[in-house]
Amino acid sequence: MIEIQKVCKSYGKKEVLKDFSIKTESGKIIGILGQNGCGKSTLLSVLAGIVPCKGGSFLYKSVNLLKDKNASRKIIAYVPQELSLIEELSARDNLNFWYKKDELEKSLSSGFLKSLGINEFLDVPVKKMSGGMKKRLSLGCAIYNNPEILLLDEPTASLDLFCKETIYKYLKEFTGTGGTALIATHEIQEIELCDTCFIIKDGASVEYKKGRNAKSILKEIWG
C-alpha cells in the first residue's frame, strides 16, 4: 500500500500543492495528470526527496519516505524530464557509475537492462544517441538499486512508437514483479496503461479509476 498524505508545497506566495493525498495498492501503474504547471513535476520531485515540502507524508510499508532518507534511497528511483547523463561517455560507462560489474553484466544479459534494449547501443557515446536511447539509458541508470517504487516525469514525451513500447513493456514487467510506478503524464497511451489515475486540481487530487476513456479524462483536465 502507498499512501501520500497532505503534501503541501509553495513557491513564495504560490501554493502549488495543497494537502495533496492519495491512497493506492502497490504493484500498480499510477498516473498523475493535470494541466501544465499544475504541480505534477513538483509532486514527483517532493516524493523523490529532491525538493523539500511544507508538510505531509509518503507512507510505504509503514515508513515515511519523506522523513527516512536512507529508506527512500533504497526504495525509490526517480527519472525527471531533464536527463542527467554524461554526454562524452558511452552507455556502458554511464552505467558503470551506478552498477557493480557483476550486477551490470547480469542485468544486461537477463535482467531489466536487457528488457530496455540497452545492449543495442552499449558502446555509443551519449552525445550521439537518439532521444529514445537517452531516455532508456536514464531509466536504466535509475533502477540500479532494484527499486520498489519508480517516479517517472513524462517518461515517453517526444519519443517514437518503438521507444514508447519498450518503456511500456518494462513498466508492465516492473509492476508484474510487485513494483509500483507513479507517472506524470498527459499521453493517451500512458493514461490507458495506468491502473489508476489522479488529476491535480487546485493543488489537490481527484481520482479516476481504470476503465474511463482516456480522451474523456483529458477533456476533464483541459475543459
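The values are calculated or read from the model by the stated rules, or taken from the named source; none is laboratory data. Please read all numbers here as calculations on a predicted model, not as lab measurements. Cβ atoms come from the backbone with ideal geometry, glycine included; neighbour counts cover every protein chain shown. Heavy atoms of the whole protein, side chains included, go into the accessibility calculation; ligands, DNA and RNA do not. Shrake-Rupley method; radii C 1.70, N 1.55, O 1.52, S 1.80 Å.
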Cα-derived Rg over Rh, computed across region 96-208 with Rh taken as Kirkwood radius: 0.99
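Filter the cross-link list K18/K169; K61/K164; K101/K134; K9/K74 down to pairs whose alpha-carbon distance in this structure exceeds 29 Å. Numbers along the way, then the final one.
Numbers: K18/K169 34 Å; K61/K164 31 Å; K101/K134 21 Å; K9/K74 24 Å.
Long pairs (Cα-Cα over 29 Å): K18/K169; K61/K164.
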What GluC sites (Glu not before Pro) in region 1-81 are in a loop by DSSP, with at most 13 other Cβ atoms within 10 Å of the Cβ? E25
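When Lys and Arg each count +1 and Asp and Glu each count -1, what net charge do the other residues less than 15 Å away from G179, Cβ to Cβ, add up to?
Details: positive: K28, K61, K74, K169, K172; negative: E25, E148, E173, D195.
Once all neighbours under 15 Å are counted, the net charge is +1.
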Rh_Kirkwood(region 69-140) over Cα pairs, Å, one decimal, evaluates to 12.7 Å
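Grab the eigenvalues of the alpha-carbon gyration tensor for the chain, scale each by 5, take roots, and send me the semi-axes largest first in whole angstrom. Could the numbers behind the result be given before it?
Numbers: eigenvalues 164, 77, 55 Å².
Square roots of five times the eigenvalues give 29, 20, 17 Å.
Heavy-atom accessible area per residue, region 20-70, 1.4 Å probe: how many Å²? Don't jump to the answer; show the numbers that get you there.
Working: 2210 Å² over 51 residues.
Heavy-atom SASA per residue in region 20-70 reads 43 Å².
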Longer than 31 Å from Cα to Cα, which of K69/K100; K13/K127; K67/K100 are they? Say none if no pair is. K13/K127
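For region 86-187, which whole-number percentage of the solvent-accessible area (1.4 Å probe, protein heavy atoms only) is attributable to carbon and sulfur atoms? Write out the running numbers ahead of the final one.
On the way: 2440 of 4700 Å².
Whole-percent figure for carbon plus sulfur exposure: 52.
Average projected area of the Cα convex hull of region 112-177, in nm²?
Average of the hull's projected areas for region 112-177 equals 4.4 nm².
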Counting Lys +1, Arg +1, Asp -1, Glu -1, what net charge surrounds L44 among other residues with beta carbon under 11 Å of its beta carbon? -1
Geometric extent, Cα atoms of region 1-83 - Rg, Dmax (angstrom): 12.5, 37
List the relative contact order of region 76-210 as a percent without decimals, with contacts defined as Cα pairs under 8 Å and 6+ residues apart. 26 percent
Tell me, what is the FRET efficiency for D102 and A157 to the nearest 0.05, using R0 = 41 angstrom and their Cβ-Cβ distance as r? 0.75
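Evaluate the charge dipole of region 20-140 about its Cα centre and quote only its size in Debye, nearest 20, assuming +1 on the Cβ of each Lys and Arg and -1 on the Cβ of each Asp and Glu. Show your work: numbers first, answer last.
On the way: 19 positive and 11 negative charges, 85 e Å.
Around 420 debye, computed over region 20-140.
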